[in-house]
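**Student:** A single structure is presented below for examination.
The values are calculated or read from the model by the stated rules, or taken from the named source; none is laboratory data. Every value quoted in this text rests on a predicted model; they were computed, and no experiment measured them. Cβ placement follows ideal geometry from the backbone for every residue including glycine, while neighbour counts extend to all protein chains displayed. Areas reflect the complete protein model, heavy atoms only, side chains present, ligands, DNA and RNA absent. Shrake-Rupley method; radii C 1.70, N 1.55, O 1.52, S 1.80 Å.
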Amino acid sequence: MDHAIRGMNMDLTSLAKKHEKTLRMNDFYKVALEGATYKDQLRGIPFLQAYTACFFNATLFDKAGVSYPPTDWADKTWTWEKMIETAKKLTRDVNGDGRIDEYGVVETRDIFELAWGWGGDMFPKESYISGPPTKVALDDQKNYKALVTALQNKADLTYKHKVSPTPAQLQVIEQMGPVLKTGKVGMVMSGDWAIWQPLPKNFKWGIAAVPYSHPERKVCLYTDPMEISSKTKHPEEVWEFVQYLVSDEVQKIFGQRTGRIVSRPSLRGMYIDHISPYVVNTKEQLDQVLDGAFTYAQEDAEHTIFGFYKLQSIWNAEIDPLWLGKKSAKEVVDTMIPKLNSAIKENLESLRKK
């Protein structure tokens, strides 16, 4: 979005339409194309993405005698409350020293994703397609309530339910490696990098739906699009190269070598074949969990909200007292809103000056 608003990337709409048959535009995830579109102009071609889900250590579930979470995103029995109940069974003091050694869950999603999960949004809808935003959308009570509820629920995992580590405890765990792979955490709400290979062979792994939290919930899709500089002196050659990169030939090679899910739905079976030997899910369950991950997805605000990083740095600083158990969600959100709006004004002013 920053590139599009600043005129840094080419409008690829006419090129994509001209080469629609060979490019097979209908064989990209719709949500990924929407995330690369600005004012009805296609500004990038999806190349690769990560998806959001609940990733879990199946070995810890087996030890605790707990059933695996479902892969069906429409399963309303898999609620946030049910997830907490499950996390409590996974949270253990293994050696009897009075300290928790294994935690039930870690929620890693950014705060805008948490707002999405509870049916709200931090930004006006138009900001995602024709930005930049002129203010945050938290004067809308639906959005405000969603964000406050989501943030407080995450904080309560640590300080009320005691199924998630404090920031200091999490830092200790992270020194051992990626959180889920350490064997110290049962579930992680995250992008699929939680189980990027290599996976430790002393544990079994699984993928499940994110707990049902709201009828209008969304999760994040993180798409890497191929853009073309608006200042290129060789647009035809660059376009030819982009078409090559998103071709079946290269997408297959990239998917096979990395184990990542590529941007063409027709090749999803390749990812399922690759990941299935490493997880407890059947291939049918993997297809189901992926179907939900894309059905309920919205493109990452990092890619679609102008001036995102400046805003993120503000909410990261303002949210710390909540994660440390020193303030409530409502207190930090109320303090955060005017600072975010001030930063948005600065972003707009920087555009006017240029």
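**Student:** Please go through segment 258-268 and pick out each residue that is open to solvent by 40 Å² or more (accessible area, probe 1.4 Å) and farther than 15 Å from ILE195 by Cα.
**Tutor:** PRO265, SER266
**Student:** While we're on this one: Give me the residue from segment 43-60 that is open to solvent by 20 Å² or more (accessible area, probe 1.4 Å) and touching a Leu at 6+ places or on another chain (Cβ under 7 Å) and, out of that set, farthest from GLY206 (Cα to Cα).
**Tutor:** Only one residue fits best here, namely ARG43.
**Student:** Can you work out which of the residues in segment 283-324 that are over 20 Å from the mean Cα position of the chain (by Cα) and open to solvent by less than 50 Å² (accessible area, probe 1.4 Å) is nearest to PRO211 (Cα to Cα)?
**Tutor:** LEU322
**Student:** Follow-up. In this structure, does TYR222 turn out to be among the aromatic types (Phe, Trp, Tyr), crowded, with 18+ Cβ neighbours inside 10 Å and part of a strand (DSSP E or B)?
**Tutor:** Judged against the criteria, TYR222 is a match.
**Student:** Can I ask one more? Residues of segment 73-85 being open to solvent by 60 Å² or more (accessible area, probe 1.4 Å) and part of a loop (DSSP other than H, G, I, E, B), which ones?
**Tutor:** Selection gives ALA74, LYS76, THR77.
**Student:** What's the number of the only condition in (1) in a helix (DSSP H, G or I); (2) modelled with pLDDT under 95 that ARG260 fails to meet?
**Tutor:** It is condition (1) that ARG260 fails.
**Student:** Report every pair of residues separated by at least 6 positions or lying on different chains whose Cβ atoms are under 9 Å apart, first residue within segment 342-354 and modelled with pLDDT of 95 or more, second part of a helix (DSSP H, G or I) and loosely packed, with under 12 Cβ neighbours inside 10 Å.
**Tutor:** Pairs that qualify, where the first residue is modelled with pLDDT of 95 or more and the partner is part of a helix (DSSP H, G or I) and loosely packed, with under 12 Cβ neighbours inside 10 Å, are ALA343/SER313.
**Student:** I'm checking my understanding of the structure. Among residues of segment 270-295 that are in contact with a Lys or Arg (Cβ under 8 Å, 6 or more places away or on another chain) and in contact (Cβ under 8 Å) with a residue 60 or more places away in the chain, which one is farthest from LYS252 (Cα to Cα)?
**Tutor:** VAL280
**Student:** In segment 325-340, how many are assigned to a helix (DSSP H, G or I) and open to solvent by 40 Å² or more (accessible area, probe 1.4 Å)?
**Tutor:** Qualifying residue count, segment 325-340: 6.
**Student:** A further question follows. Within segment 132-147, take every residue that is assigned to a helix (DSSP H, G or I) and open to solvent by less than 30 Å² (accessible area, probe 1.4 Å) and give me the one that is farthest from ILE344 (Cα to Cα).
**Tutor:** Across segment 132-147, the extreme among qualifying residues is ALA146.
**Student:** Please find, among LYS30, LYS88, LYS63, LYS21, the residue that is open to solvent by 30 Å² or more (accessible area, probe 1.4 Å), closer than 17 Å to GLY206 by Cβ and either at pLDDT 95 or above or of a type outside the set (S, T, N, Q) (or both).
**Tutor:** The unique qualifying residue is LYS63.
**Student:** Of the conditions (1) open to solvent by 20 Å² or more (accessible area, probe 1.4 Å); (2) assigned to a loop (DSSP other than H, G, I, E, B); (3) at pLDDT 95 or above; (4) over 30 Å from LEU42 (Cα atoms), SER164 clears all except one; give me its number.
**Tutor:** Of (1) open to solvent by 20 Å² or more (accessible area, probe 1.4 Å); (2) assigned to a loop (DSSP other than H, G, I, E, B); (3) at pLDDT 95 or above; (4) over 30 Å from LEU42 (Cα atoms), only one is false for SER164: (1).
**Student:** Sticking with this structure for a sec: Look through GLU227, GLU236, GLU240, GLU249 and report the one residue that is in contact with a Gly (Cβ under 8 Å, 6 or more places away or on another chain), open to solvent by 60 Å² or more (accessible area, probe 1.4 Å) and not hydroxyl-bearing (Ser, Thr, Tyr).
**Tutor:** GLU227
**Student:** Continuing with this model, one more query. Kindly provide the set of residues from segment 60-72 that are in contact with a strand residue (DSSP E or B) (Cβ under 7 Å, 6 or more places away or on another chain) and outside any helix (DSSP H, G or I), ordered by number.
**Tutor:** Across segment 60-72, the qualifying residues are TYR68, PRO69, PRO70, THR71.
**Student:** In addition: In this structure, does VAL106 turn out to be in contact (Cβ under 8 Å) with a residue 12 or more places away in the chain and either over 22 Å from the mean Cα position of the chain (by Cα) or not in a helix (DSSP H, G or I) (or both)?
**Tutor:** In short, yes.
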